[in-house]
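Right, one structure below, let's go through it.
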Amino acid sequence: MISDILESKLNLFIVGTALTAESDSLGFYNLDTRDRIWYLLEYGGLTPTPIFTPAERKVLVNAKHGNVLNDMYKQLYFEKKQSALLKKRIGMTVLNRRRIAKDEEDPDAIPTEKDIKQFITKVTKFKPLVLAFITPVEIFENCFKPLYPLANRTRGKQEFTIGDSEVWLVGNTLGKTKDLEELEDLFDQICKRIVPSPALP
């Protein structure tokens, strides 16, 4: 299991449902072919360029197929990527840290009540400014409504906090080109929350 990318008082903590087999085999978060999170971070202005490009992903896939993507290779490569994220005060995790999921629809990916409570403890300790959930909206609601009655499946800023952290529901960032415009708008809003516009003279 890939470790959390987490430090105290991050600007943004991106939270997925579970690590997929594809990302796990390549050695980092959100490396599924259809995942648009790296594009969205750049689109929102949170990173100046994509932390991962399609070309870099292809290099990793080729290394894996050539049996040269060993643990040492992964560590050297991904330490740089993790460092680049943390310099921008961005972290990453998944709610279900017990299992690797076959894909986004794998029933074993669903977080348990214990998973959620462990996540809340972590957030309360490290105090990120914004939590961005890139989970399916129904999973988000089912996981958090028992503890936070205001939790719902409407994308955008939720009307509750976890500790001192704002909660934003982004929704699934895999596939479905039809909702790209909504995702871009959400990341634009998150960017403005993290990096306020300069005051008018």
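The values are calculated or read from the model by the stated rules, or taken from the named source; none is laboratory data. All values derive from a computational prediction rather than experimental measurement. Note that each Cβ is placed from the backbone with ideal geometry, even for glycine, and that neighbours are counted across all protein chains shown.
Couple of notes before you dig in:
- Whether a residue is within 30 Å of Ser25 (Cα to Cα), at pLDDT below 95, not basic (Lys, Arg) and not in a loop (DSSP other than H, G, I, E, B) was assessed, and Asp179 passes this test.
- Output for region 1-49, where each listed residue is within 22 Å of Leu69 (Cα to Cα), in contact with a strand residue (DSSP E or B) (Cβ under 7 Å, 6 or more places away or on another chain), aliphatic (A, V, I, L, M) and assigned to a loop (DSSP other than H, G, I, E, B): Met1, Ile2
- Candidate set from region 29-63 (those that are surrounded by 14 or more Cβ atoms within 10 Å (Cβ to Cβ) and small (Gly, Ala, Ser)); member that is modelled with the lowest pLDDT: Ala63
- Subset tally (residues that are crowded, with 17+ Cβ neighbours inside 10 Å, within 15 Å of the chain's Cα centre (by Cα) and in contact (Cβ under 8 Å) with a residue 60 or more places away in the chain) for region 123-148: 10
- Looking across region 97-139 at every residue that is among the aliphatic types (A, V, I, L, M) and in a loop (DSSP other than H, G, I, E, B), the one that is farthest from Glu166 (Cα to Cα) is identified as Ile110.
- Checking each residue in region 103-117 for being surrounded by fewer than 10 Cβ atoms within 10 Å (Cβ to Cβ) and among the acidic types (Asp, Glu) picks out only Glu105.
- Selected residue (criterion: surrounded by the most Cβ atoms within 10 Å (Cβ to Cβ)) from residues of region 64-97 that are at pLDDT 85 or above and among the aliphatic types (A, V, I, L, M): Val94
- Whether a residue is over 27 Å from Lys9 (Cβ atoms), out of contact with any Pro (no Cβ under 6 Å at 6 or more places or on another chain) and surrounded by 18 or more Cβ atoms within 10 Å (Cβ to Cβ) was assessed, and Ile100 passes this test.
- The numbered conditions (1) over 24 Å from Asn11 (Cβ atoms); (2) in a strand (DSSP E or B) are all true for Val94 except (1).
- Matching residues in region 50-71 - criterion: being without any contact (Cβ under 8 Å) to a residue 24 or more places away in the chain and either farther than 18 Å from Ile5 by Cβ or in contact with a strand residue (DSSP E or B) (Cβ under 9 Å, 6 or more places away or on another chain) (or both): Thr53, Pro54, Ala55, Lys58, Val59, Asn62, Ala63, His65, Gly66, Asn67, Val68, Asn70
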